[in-house]
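Structure first, then comments.
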Amino acid sequence: TGQGTRDHPPAQAALRDRLLSAVVSCFKRHGAAAIDTPVLELRETLTGKYGEDTKLIYELQDQGGELLALRYDLTVPFARYLAMNKVTNMKRYHVAKVYRRDNPATTRGRYREFYQCDFDIAGQFDPMIPDAECLKIVHEILSDLQLGDFLIKVNDRRILNGVFAVCGVPESKFMPACSTVDKLDKVPWEEVRNEMVGEKGLSPEAADRIGEYVQLHGGLDLIEQLLQDPKLSQNKLAKEGLGDMKLLFEYLTLFGITGKISFDLSLARGLDYYTGVIFEAVLLHQKNEHVEEPVSVGSVAGGGRYDGLVGMFDPKGRKVPCVGVSIGIERIFSILEQRLKASGEKLRTTETEVLVATPQKHLLAARLTLISELWDARIKAEMLYKKDPKLLKQLQYCEDMGIPLAAIVGEQELADGVVKLRDVATREEVRM
């Protein structure tokens with residue numbers, strides 16, 4: 001297959017199917033409608049929306065010379081859809097493949113073609129109610145999939161920008177500073193500081209001041225502490241962000257999920273379009289009992305508020321506030337796949353309930369008649385494509401494919417007008 005892409009054999013496709021249906025059923029439980037958009041977007045729709053990652057967009061040219069691109073995520077197409085159709089409120093989910101011209105580290109579940117599962121709420125609502133629901137959804141899905149311990153880190157772009165402002169960063173450098181801070185989960189503060197000063201041109205003093213803030217994490221207590229902070233409390237943006245963060249934590253407390261949530265000032269999220277709350281879920285890796293801090297094994301969901309994106313597509317610049325979450329289904333998929341391999345258990349790739357079998361020769365007609373009746377009764381049934389297969393071979397096929405039942409029709413059964421139903425696992429038989 002092409003570089004950075006892969007085929008999915010039946011076992012993988014079955015696992016992916018199971019995963020996606022768990023995620024989709026959560027989205028439906030929260031009242032979202034499904035939409036679909038084309039894989040191809042106009043190039044100008046996508047460029048300039050992703051910050052430093054714009055270089056990863058796959059560009060295409062069609063015969064008429066129209067400049068197209070493969071969609072890079074599901075959020076920008078959603079914003080375009082809302083603007084084009086003048087939709088001002090909508091709760092939608094979208095599960096589809098997206099494309100990134102990355103140099104893929106395929107070992108870590110990063111590919112050039114991969115699925116995204118998004119849930120978004122668009123519309124003018126009271127603050128933090130939809131945002132809280134997005135976090136609840138992440139919590140439900142990660143609990144459902146039983147991936148082990150996880151942590152959802154939350155921050156707000158306004159708090160981060162407020163921190164940059166009071167630390168003496170010029171506004172033109174907010175975005176670059178943001179994408180550097182975003183690396184804090186992967187590299188130590190020293191390296192981040194060096195990049196800020198060396199590459200992004202921040203003063204060493206500003207970088208050190210930023211360091212005092214971005215290494216803080218906690219809960220409501222930290223929010224209160226920062227609301228009292230003499231420098232931050234003077235900043236309008238930070239104050240707004242902290243006020244909303246406090247509200248968010250009140251709602252999350254009512255949802256009963258604050259145990260897995262951390263207000264974390266180092267969380268930045270690299271994308272340019274976020275304007276308010278941002279969040280990211282990471283799986284935690286318990287190395288052993290006496291580790292103080294559990295280690296993260298990477299992000300499995302992320303999202304946030306993007307109130308300006310729809311306005312970028314509207315000719316009149318009309319804004320539609322939005323908040324959403326994307327479930328990192330590929331990362332989760334590779335984790336579950338490795339677990340399945342390690343456990344050695346076999347995943348069924350088909351859903352066949354019964355194999356129609358015959359113990360003697362010259363009974364193909366009986367099998368075809370019976371299987372047709374089963375199919376018409378909407379029963380999932382199979383038979384072997386041979387005129388006279390041996391019974392052992394047919395039962396072996398049940399074992400191999402995990403088919404629970406065999407419906408056996410021999411001469412005796414035909415004469416008596418019955419079918420012998422055999423439980424493949426226990427070998428019990430009943431005539432019916």
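The values are calculated or read from the model by the stated rules, or taken from the named source; none is laboratory data. The structure displayed is predicted, hence computed values, not measured ones. Every residue, glycine as well, gets a Cβ built from its backbone with ideal geometry; the counts of neighbours run over all protein chains shown. Heads up: the accessible areas ignore ligands, DNA and RNA and are worked out on the full protein's heavy atoms, side chains in. Shrake-Rupley method; radii C 1.70, N 1.55, O 1.52, S 1.80 Å.
The numbered conditions (1) without any contact (Cβ under 8 Å) to a residue 24 or more places away in the chain; (2) open to solvent by 50 Å² or more (accessible area, probe 1.4 Å); (3) under 28 Å from the mean Cα position of the chain (by Cα) are all true for Val187 except (2). Among the residues making up region 90-109, those that are modelled with pLDDT under 95, more than 21 Å from Lys49 (Cα to Cα) and open to solvent by 60 Å² or more (accessible area, probe 1.4 Å) are Thr106, Thr107, Arg108.
Residues are listed down the side, and each one gets a yes or a no for (1) under 22 Å from Ala14 (Cα atoms); (2) within 47 Å of the chain's Cα centre (by Cα); (3) part of a loop (DSSP other than H, G, I, E, B); (4) of a type in the set (Asp, Glu):
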site: Lys361; (1), (2), (3), (4): no, no, yes, no
site: Ala366; (1), (2), (3), (4): no, no, no, no
site: Leu370; (1), (2), (3), (4): no, yes, no, no
site: Asp388; (1), (2), (3), (4): no, no, yes, yes
site: Tyr397; (1), (2), (3), (4): yes, yes, no, no
site: Ile403; (1), (2), (3), (4): yes, yes, yes, no
site: Gln412; (1), (2), (3), (4): no, no, no, no
site: Arg422; (1), (2), (3), (4): no, yes, no, no
site: Arg427; (1), (2), (3), (4): no, yes, yes, no
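Taking region 409-431 as the range and being open to solvent by less than 70 Å² (accessible area, probe 1.4 Å), within 20 Å of Leu364 (Cα to Cα) and touching a helix residue (DSSP H, G or I) at 6+ places or on another chain (Cβ under 9 Å) as the test, the residues that pass are Val409, Gly410, Glu413, Val418, Val419, Lys420, Arg422.
For region 367-408, name all the residues that are open to solvent by less than 20 Å² (accessible area, probe 1.4 Å) and among the small types (Gly, Ala, Ser). Passing the criteria: Ala381, Ala406, Ala407.
Checking each residue in region 163-181 for being farther than 15 Å from Ser266 by Cα, open to solvent by 30 Å² or more (accessible area, probe 1.4 Å) and aliphatic (A, V, I, L, M) picks out Ala165, Val166. Looking at region 319-336, is at least one residue exposed (fewer than 12 other Cβ atoms within 10 Å of the Cβ) and more than 30 Å from Thr45 (Cβ to Cβ)? Checking region 319-336: not a single residue is exposed (fewer than 12 other Cβ atoms within 10 Å of the Cβ) and more than 30 Å from Thr45 (Cβ to Cβ). Just to be sure before I move on: is Val95 in contact (Cβ under 8 Å) with a residue 24 or more places away in the chain and either of a type in the set (Lys, Arg) or more than 24 Å from Gln3 (Cβ to Cβ) (or both) in the structure I sent? When the stated conditions are applied, Val95 passes them. In region 171-213, of all residues being β-branched (Val, Ile, Thr) and out of contact with any Phe, Trp or Tyr (no Cβ under 8 Å at 6 or more places or on another chain), the one that is nearest to Ala238 (Cα to Cα) corresponds to Val181.
Restricting attention to region 5-27 and to residues that are free of Cβ contacts under 8 Å to residues at least 24 places away in the same chain and over 18 Å from Leu147 (Cα atoms), the residue that is most open to solvent (accessible area, probe 1.4 Å) turns out to be Asp7.
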